[in-house]
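Okay, structure first, notes after.
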Amino acid sequence: MKNSKQNMKARRQFLIKGSAALGALSISPLLGQGMMGMHHGNREMGAMDHGSMMGSMDHGMMKEMGVPPMVKEGYQLGLNQLTIKDIEMMQKANLNLMPVTMMPSGNLLPELSLLKNETQEVGQFKGTLRVQAVKASLVPGTETSFWGYNGMLPGPQIVVYEGDTVTIDVINELDEETTVHWHGLLVPASEDGNPQDAIKPKGKRTYSFKIPQNSAGTYWYHPHGHGTVSKQVFMGLAGTFIVKKREDLFADLPEKHLLISDLKLHEDGTIAENSFFDWMNGREGQFTLINGALEPVIEVEGATRFRVWNACSARYLYLDLGFADVYLIATDGGYIESPQKLDNILLSPGERIEVVVIPTRTGSAKLSNLSYNRQKMGPVSVSPTYNLATIKMKKQSGYQMPSSINSLPKYGEPTKSHSIEYTEVMNHNQLLFLVNGKMHSLDRIDEVVSKDSIEEWIVFNNSHMDHNFHIHGTQFYVIEKEVNGVVTPAAYKAFKDTINLKPYERVRLLMKQDYKGLRMYHCHILEHETLGMMGQLESII
Ligand code: C2O
Ligand code: CU
Ligand code: CU
């Protein structure tokens, strides 16, 4: 592929001249936890001429480096031109990070607390979210200032039923604007927390929407302000949202909820800023947490339904599900048609699954995050396989998975086709992540969609690292994927709102927008999104 070769060449040049002036490193145990680290492991890094890049730097410097030397005042990082202050902040971002072993681990999985429904009326959910700055001691002897919905990390879980009318009052107690975006939910554009509809500092607004029938599933909410998403999420703003069916096939099963997120802390407990490399590759904190806890113990008493969220800013979760018989029953957009037995699953940032876990023995097992190479750039490694949780399980025999769960609508031929191409620009003066050659603009419509029509979206990752694609206001079918001319049709029918693309991968999606109005689509590596890797569509009648 011509483009691919050109890109590889450009990349190599970038690495040699720029950030890769950093070199070959050994893997320290701390970095082995998957911290935004500086060890090598990336094949291309390995292939480079370390001698010429390394100069006089030693490993200690690497470990602390937050900015490559080429990045100077005026450097264009996505939508921003870096100031001296920005650079100083990045320089400090990787200094004195807390060792992973400092955080208590091995406690029972905390349950996610529920947002209180303030009305008794049937078919109504009314709740209040305060966006607050709070302090907590996550690690004994340290204090962390974070931002939490109702002071909680993660935010309270919202549970509603299909057909409910949901009214959420949001009170913004921060000194900056925010919005609440209902990721994956089918809500009108005006209620979806678009960056154009910011809630002013100390301001409030009410979001109100009706949950459509057949939209039961596992969703979440997080801020979507202009230029602030990366920070507001890493400061702690994210919560889960579940839509239930009144009559549910799996209603008898106990449920475990696993909101997986990560946290990057300095030794004193303060949340670390983004380094340059966090912006480049997406931020991965040294702590991968489940419901805010490090390596918790999850007790599984027989067949259990798990809902799993990848709420990490950028970390890919490649979950090893070999600890039990695990059946996929739902994806981002709710139930699939028939259960799919899984050994593992890749969840890129923003994706969710529901699985039924059937322990085949009694005892203890590990839930690991398997190593996955998403082709990060610069002096960072491939995350090794590491442990996320301990599962203490009780064998279940005789549980019968239903053979069919749901029937999904059939989509006919598309009436229109949209082509989306991801590219990157990297040189001494800029690092840009682009959608069809452009950065996000608040007042440009990039794609026009006809409301209620089935339309095809062909998304092409014309870059050398994984990016994913998320679109607002709808759920799509993945029809097929293509990489290097090899086309793979989707293995099963599923509604998704977020899909990963490997380098030079192309996916063909079918979708329709049920509402009119303005919507975003973007890479859900939040740093890329925040730097402008986002486009806007308008759905019209
Ligand atoms: Cu969860 Cu536009 O994002
Ligand atoms: Cu979204
Ligand atoms: Cu990306």
Check your understanding: Within the set of pairs 6 or more residues apart or between chains, which connect a residue that is more than 15 Å from LEU129 (Cβ to Cβ) and in a strand (DSSP E or B) inside region 228-249 to a residue that is among the β-branched types (Val, Ile, Thr) and open to solvent by less than 10 Å² (accessible area, probe 1.4 Å) with Cβ atoms less than 9 Å apart?
Key -> ILE242/ILE158; ILE242/VAL160; ILE242/THR218; VAL243/VAL160; VAL243/ILE211; VAL243/THR218; LYS244/VAL160
Check your understanding: Within the set of pairs 6+ apart or on separate chains, which have a first residue in region 169-180 that is in contact (Cβ under 8 Å) with a residue 12 or more places away in the chain, a second that is small (Gly, Ala, Ser) and open to solvent by 40 Å² or more (accessible area, probe 1.4 Å), and C-beta atoms under 9 Å apart?
Key -> GLU173/ALA133; LEU174/ALA133; ASP175/ALA133
Review point. Under the condition of being in contact with a helix residue (DSSP H, G or I) (Cβ under 8 Å, 6 or more places away or on another chain) and open to solvent by 60 Å² or more (accessible area, probe 1.4 Å), which residue from region 471-518 is nearest to ligand 1 (Cβ to nearest atom)?
Key: TYR515
Point to revise | Verdict on LEU253 being buried (at least 20 other Cβ atoms within 10 Å of the Cβ), more than 12 Å from ligand 1 (Cβ to nearest atom) and in a loop (DSSP other than H, G, I, E, B) | key: no
Point to revise | Subset of region 383-398 (residues that are more than 31 Å from the chain's Cα centre (by Cα) and at pLDDT below 95) | key: GLN396, SER397, GLY398
Check your understanding: Picking from TYR327, TYR399, TYR411, which residue would you name as being touching a residue at least 40 places away in the same chain (Cβ under 8 Å), over 20 Å from ALA251 (Cβ atoms) and among the aromatic types (Phe, Trp, Tyr)?
Key -> TYR411
Exercise for review: Look through region 348-372, keep the residues that are part of a strand (DSSP E or B) and open to solvent by 40 Å² or more (accessible area, probe 1.4 Å), and return whichever of them is farthest from ligand 1 (Cβ to nearest atom).
Suggested key: SER364
Check your understanding: Which of the following residues is of a type outside the set (Ser, Thr, Tyr) and in contact with a helix residue (DSSP H, G or I) (Cβ under 7 Å, 6 or more places away or on another chain): GLY106, GLY123, GLY74, GLY66?
Key -> GLY66
Revision key, fill the gap. Looking across region 218-232 at residues that are within 14 Å of ligand 1 (Cβ to nearest atom) and over 19 Å from GLY127 (Cα atoms), the single one that is most open to solvent (accessible area, probe 1.4 Å) is HIS226
Check your understanding: Among TRP279, TRP182, which is the only one that is of a type in the set (Phe, Trp, Tyr) and either within 16 Å of ligand 1 (Cβ to nearest atom) or under 21 Å from LEU129 (Cβ atoms) (or both)?
Key -> TRP182
Check your understanding: Can you name every residue in region 494-541 that is on the phi < 0 side of the Ramachandran plot and of a type in the set (Ser, Thr, Tyr)?
Key -> THR498, TYR515, TYR521, THR530, SER539
Check your understanding: Out of region 307-330, which residues are assigned to a strand (DSSP E or B) and open to solvent by less than 10 Å² (accessible area, probe 1.4 Å)?
Key -> ARG307, VAL308, TRP309, ASN310, LEU317, LEU319, VAL326, LEU328, ILE329, ALA330
Point to revise | Subset of region 411-434 (residues that are open to solvent by 40 Å² or more (accessible area, probe 1.4 Å) and not aliphatic (A, V, I, L, M)) | key: GLY412, GLU413, THR415, LYS416, SER417, SER419, GLU421, ASN427, HIS428, ASN429, GLN430
Practice item. Determine, yes or no, whether ARG307 is under 16 Å from ALA389 (Cα atoms) and under 18 Å from the mean Cα position of the chain (by Cα). Key: yes
Exercise for review: Among the residues of region 375-410, write down those that are open to solvent by less than 80 Å² (accessible area, probe 1.4 Å) and outside any loop (DSSP other than H, G, I, E, B).
Suggested key: TYR386, ASN387, LEU388, ALA389, THR390, ILE391, MET393
Point to revise | Residues that are under 25 Å from THR530 (Cβ atoms) and open to solvent by 40 Å² or more (accessible area, probe 1.4 Å), drawn from region 201-213 | key: PRO201, LYS202, LYS204, ARG205
Review point. GLU295 passes all but one of (1) at positive phi; (2) surrounded by fewer than 19 Cβ atoms within 10 Å (Cβ to Cβ); which number fails?
Key: (2)
Exercise for review: Report yes if PHE495 is within 16 Å of ligand 2 (Cβ to nearest atom), among the hydrophobic types (A, V, I, L, M, F, W, C) and farther than 25 Å from SER441 by Cα, otherwise no.
Suggested key: yes
Review point. For region 489-541, which strands (runs of 3 or more DSSP E) that fit wholly inside it have 2 or more residues that are within 16 Å of ligand 3 (Cβ to nearest atom) and either farther than 30 Å from GLN340 by Cβ or touching a His at 6+ places or on another chain (Cβ under 9 Å) (or both)?
Key: 498-501, 517-522, 534-540
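The values are calculated or read from the model by the stated rules, or taken from the named source; none is laboratory data. From a predicted model like this one, the values you see are computed outputs, not experimental measurements. Positions of Cβ are backbone-derived with ideal geometry, glycine not excepted, and every protein chain shown enters the neighbour counts. Accessible surface is based on the protein model in full, side chains and every heavy atom, while ligands, DNA and RNA are left aside. Shrake-Rupley method; radii C 1.70, N 1.55, O 1.52, S 1.80 Å.
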